[in-house]
Amino acid sequence: MAHVHLEKVTKVYPGGVKAVDAIDLSIADREFVVLVGPSGCGKSTTLRMVAGLEEATSGVIKIGERVVNDVPPKDRDIAMVFQNYALYPHMTVYQNMAFGLTLREMPGLLSRLLHPGEARSIKKGIAAKVKRAAEMLEISHLLDRKPKALSGGQRQRVAVGRAIVREPAAFLFDEPLSNLDAKLRVTTRAELKRVHQRLRTTTIYVTHDQEEAMTLGDRIVAMKDGVIQQADTPLATYNQPRNRFVAGFIGMPPMNFFEGALRIIGGEMVFEEGKLLSNKVGPPDGDSRPESTAQAGIELTLPGKGFRLVVPMRLRDALADRVGQRIVLGIRPEHLHLEAIVESCPIEVKLNVIEPLGNDMDLYMETNLNDRVVARVEASGRAAGLRGDSQVILNVDLRKIHFFEPGDTGMNLSLSSGFSSEPAHALA
Ligand code: ADP
């Protein structure tokens, strides 16, 4: 087993596409790290560079203490599992699982042709490894079958088994569950986690599915445009997203975002929803509008029509120098409640669509300014009496809200002070 270390690793494909941009990432021995992000963000390229299937344009890749940039894939002591299982169709499950090991042992087997006893013991060793992996994955009863006689889930387990028997320093998984149906994905995911808990082999796993990332990873590495945005535990990523991109990517349904401005109204710091009209400093000439729109330095379209939310005390220091500026409020769907709760602030919205999910329901709504809002609430209680096309009061849990700088990757301003604003990949 081994740690994997990437230092300023960059990949520029012929034609100039910069798929991976100077990423730094240290994966500890035994760690399960998930690279997650939207299609095209550079996750597969990163994995393939670790595997040796793509050459890094610059930077250093280490597996254990060894720099592997120039080491061919077969000598990197890694095992890779892909989305398409790539099993040999003419071989049985047993042969598929044993094949890699047999190849590796071939020199030993050939040199011992004259010593059948020793050759037999090598073969026995291989058989024992296959048996152990098959038991772990509960595919022992399938060892004599050919791949075409297996379901998709069983084939993927064979592919995982083939990787396990090689006892590599690291496992690399590239979207291994994408070809499975929803239910099978969930069960196979749990199996992969169980296998990792038993073997503790260093693992790098690529997926575009945030739920898979949350459930599998010791650590999640969220990527966008070839850059690591955050590398953290699943809970820290969910609770303390570093920027708006991570906040919106992790969590389902995604976080609600509202453009607006921070103001002081009646001595209180208040967020006012609204689109920016201009970035003029100070009130326009002859302005006679209420304090809320005039004194803050920027103008909003339809001032006074958006909802207002009192900024909780815990955030006021951190946001003090943002008063009068554009800001983005982030609220997760599960932090909007129909019932009143402690430390909350009510906002009025129009309910359009109700999606029942069994125990919970998703409410699709819009604000006065037509900003979309999704809430995930328990299906019982007040929710049971809701109808579409009606006005609803939502209670925002003020303990859970976030504020971001404007822009797709605007920094999270509500994280505790002392939070670094260095580029994320410098901290990964
Ligand atoms: P992901 O795995 O996150 O979907 P990839 O690593 O596959 O992303 O791709 C990252 C970027 O590199 C994308 O813009 C993609 O189009 C580009 N890319 C991937 N492979 C190649 C290639 N062989 N040649 C040129 N561009 C590529």
Among the hydrophobic types (A, V, I, L, M, F, W, C) and outside any helix (DSSP H, G or I): is that true of Leu177 in this structure? yes
Which condition does Leu103 not pass, out of (1) touching a residue at least 12 places away in the same chain (Cβ under 8 Å); (2) under 30 Å from Val206 (Cβ atoms); (3) among the aliphatic types (A, V, I, L, M), if it passes all the others? (1)
What about Asp77, is it among the acidic types (Asp, Glu), away from the ligand (no atom under 15 Å from the Cβ), in the same structural domain as Arg219 (by TED's automatic domain parsing) and touching a residue at least 40 places away in the same chain (Cβ under 8 Å)? yes
Suppose we filter region 400-425 for residues that are touching an Asp or Glu at 6+ places or on another chain (Cβ under 6 Å) and at pLDDT below 95; how many remain? 1
Taking the residues in region 330-383 that are among the acidic types (Asp, Glu) and assigned to a loop (DSSP other than H, G, I, E, B) as candidates, determine which candidate is farthest from Val270 (Cα to Cα). Glu339
Residues being assigned to a loop (DSSP other than H, G, I, E, B) and either within 17 Å of Gln230 (Cα to Cα) or more than 7 Å from the ligand (Cβ to nearest atom) (or both): count how many of those fall in region 8-24. 1
Looking only at residues in region 184-239 that are polar (S, T, N, Q) and in contact (Cβ under 8 Å) with a residue 60 or more places away in the chain, which one is farthest from the ligand (Cβ to nearest atom)? Thr201
Leu35 - would you say it is closer than 30 Å to Arg157 by Cα, within 16 Å of the ligand (Cβ to nearest atom), crowded, with 23+ Cβ neighbours inside 10 Å and without any contact (Cβ under 8 Å) to a residue 60 or more places away in the chain? no
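The values are calculated or read from the model by the stated rules, or taken from the named source; none is laboratory data. In this text, all values refer to a predicted model and were calculated from it rather than measured experimentally. So basically every Cβ, Gly included, is an ideal-geometry build from the backbone, and we count neighbours across all protein chains shown.
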